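Written out below as structure tokens is the structure these notes cover.
The values are calculated or read from the model by the stated rules, or taken from the named source; none is laboratory data. Not measured: the values here are computed from a predicted model. FYI the Cβ positions are ideal-geometry reconstructions off the backbone, even for glycines, and counts take in every protein chain you see.
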Amino acid sequence: MYFSGNIGVRPSQETLIEAVKPTQMFGKIFYYLTAGLGTEKEEHETFNALSILQQFNIVFRRTGITNIVRLAKDDFDFYLDEKGVEDDLKEAMDNFEFRVDKLEAEVFKTLYLVMEHETEQLRYLIEIDIKREHKVGEMPIAIHINGIINDLKREGGTDIKQLKKQMSTIFKDQNKYDGYLREKQHAFDQFVQMLEQAIRTNIKVDSIEIKSKAKMIRPKKSIKAPSDLPQHRNAEPVYYGYYGYQDAFLYAWLWSEMSYFHSIHAHNFTLVDEAGQSMLTVGDEGFNASSTDTLNVDAPFEAPESGDIEYHSNHEYQNEFESANLVGDVQAEGVSADESFGDDGRSWLNYGDWDSSGDNSSCSSCSSCSGFD
């Protein structure tokens, strides 16, 4: 189990709405004959790279987050920490400003900034994905936050059997299991709230949207060593393979088989494949992990026989889901409802007390509302 949060940010910047020119010949003819009327349009943000990075630099330094993992512009890495250097944010920012001229800062397409932060409870990876150009309604800044449990990281020399033995205390009984996750999820929610408030305080924004959930990985086979962990560059930051995260993230790949072995009643989480793609979301009712091979890594995947389950598309088990008629028309386009901002598909983990209906819920107000000054 690990925690995943998203913060979508729309800065208060001058915005241009421009018609998108078609690429096909007849589309081009129609475009020019109609002067672009009725064609698809895109929204273009005018902030530059240096300006937006300086603002996030302030956000992180004021919240005590000073460890940077990666800084990239248009997929070119200006900084990539491959040694676990601490307190290197200022060095990376200075290096970026020195190497990027004014023109480059204005014409960038995407910026990637990956930070890390560690507390007693959790270890965080924070990825900021900044798109200068984006479609109307799409958040130009997407912040992906992963929280992994810090007291389950693999220490040097610890093998899989030892790690499972350490984890077995959590799975001793249902009350112990639920209480443990409730504590960790509450810590994660507090961190996400803190980061959201820091953004509101230090960056003038038009709106911020937030999602959060607990996720469990369903490996295709049993994991025997950290080297077995697959890496995915286009998934959540914890799957990227950054320095030191194989040992820290190993426990999460054992969680499903531990749940199956200990007959845990699994509830309030999203099951994901090896690339972090959502397979199914489990609600309050849940299901007994040992009553089905849903979480049994030593058997082919099968869906739970009962429970309040929402099935998703666009994952490694897509064919199995389609064959079993588990994916309905709602997911026909391959996008899970809980993967996008601004819908009703939020699946807040119900272990904690934080809910999106409070003061920290998604805000679509303009920059004149409280908290945007």
**OP:** Could you list, in sequence order, all residues of the range 228-239 that are in contact (Cβ under 8 Å) with a residue 60 or more places away in the chain and either more than 13 Å from Glu274 (Cβ to Cβ) or surrounded by fewer than 20 Cβ atoms within 10 Å (Cβ to Cβ) (or both)?
**Re:** Pro237
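For the range 301-316, give me each residue that is assigned to a strand (DSSP E or B) and among the hydrophobic types (A, V, I, L, M, F, W, C). Full working, then the answer.
Applying the first criterion (assigned to a strand (DSSP E or B)) to the range 301-316 yields 309-311.
Result: Ile309, single match.
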Subject >> Residue that is at pLDDT below 90, hydroxyl-bearing (Ser, Thr, Tyr) and out of contact with any strand residue (DSSP E or B) (no Cβ under 6 Å at 6 or more places or on another chain), where the choices are Tyr260, Tyr245 >> reply: Tyr245
**OP:** For the range 245-262, enumerate the residues that are small (Gly, Ala, Ser) and farther than 16 Å from Asp159 by Cα.
**Re:** Ser256, Ser259
Original post:
What residue, among those in the range 150-181 that are charged (D, E, K, R) and surrounded by 16 or more Cβ atoms within 10 Å (Cβ to Cβ), is nearest to Ile126 (Cα to Cα)?
Top reply: Lys153
**OP:** Report whether or not Ile203 is in contact (Cβ under 8 Å) with a residue 60 or more places away in the chain, of a type in the set (Val, Ile, Thr) and under 22 Å from Phe56 (Cα atoms).
**Re:** yes
Original post:
Across the range 245-287, what is the number of residues that are assigned to a helix (DSSP H, G or I) and buried (at least 19 other Cβ atoms within 10 Å of the Cβ)?
Top reply: 13
Original post:
Can you pull out the residues in the range 99-128 that are under 27 Å from Asp206 (Cβ atoms), modelled with pLDDT under 90 and of a type in the set (D, E, K, R)?
Top reply: Lys102, Glu104, Glu106, Lys109
Original post:
If a residue has to be closer than 16 Å to Ile141 by Cβ, outside any loop (DSSP other than H, G, I, E, B) and at pLDDT below 65 to count, how many in the range 37-53 make the cut?
Top reply: 3
Subject >> Search result, residues across the range 216-244 that are farther than 17 Å from Trp255 by Cβ, of a type outside the set (Ser, Thr, Tyr) and outside any loop (DSSP other than H, G, I, E, B) >> reply: Pro237
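Condition test on Thr34, is it surrounded by fewer than 15 Cβ atoms within 10 Å (Cβ to Cβ), at pLDDT below 75, touching a Ser or Thr at 6+ places or on another chain (Cβ under 8 Å) and of a type in the set (Val, Ile, Thr)?
On the way: surrounded by fewer than 15 Cβ atoms within 10 Å (Cβ to Cβ): yes; at pLDDT below 75: yes; touching a Ser or Thr at 6+ places or on another chain (Cβ under 8 Å): no; of a type in the set (Val, Ile, Thr): yes.
For Thr34, the condition - surrounded by fewer than 15 Cβ atoms within 10 Å (Cβ to Cβ), at pLDDT below 75, touching a Ser or Thr at 6+ places or on another chain (Cβ under 8 Å) and of a type in the set (Val, Ile, Thr) - is not met.
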Subject >> Pairs with Cβ under 7 Å, 6+ apart, first in the range 300-316 and within 27 Å of His232 (Cα to Cα), second crowded, with 18+ Cβ neighbours inside 10 Å and charged (D, E, K, R) >> reply: Phe301/Arg218; His315/Asp273; Glu316/Asp273; Glu316/Glu274
**OP:** Considering every residue within the range 210-226, establish whether at least one is surrounded by 21 or more Cβ atoms within 10 Å (Cβ to Cβ), out of contact with any Asp or Glu (no Cβ under 9 Å at 6 or more places or on another chain), closer than 15 Å to Asp151 by Cα and at pLDDT 95 or above.
**Re:** no
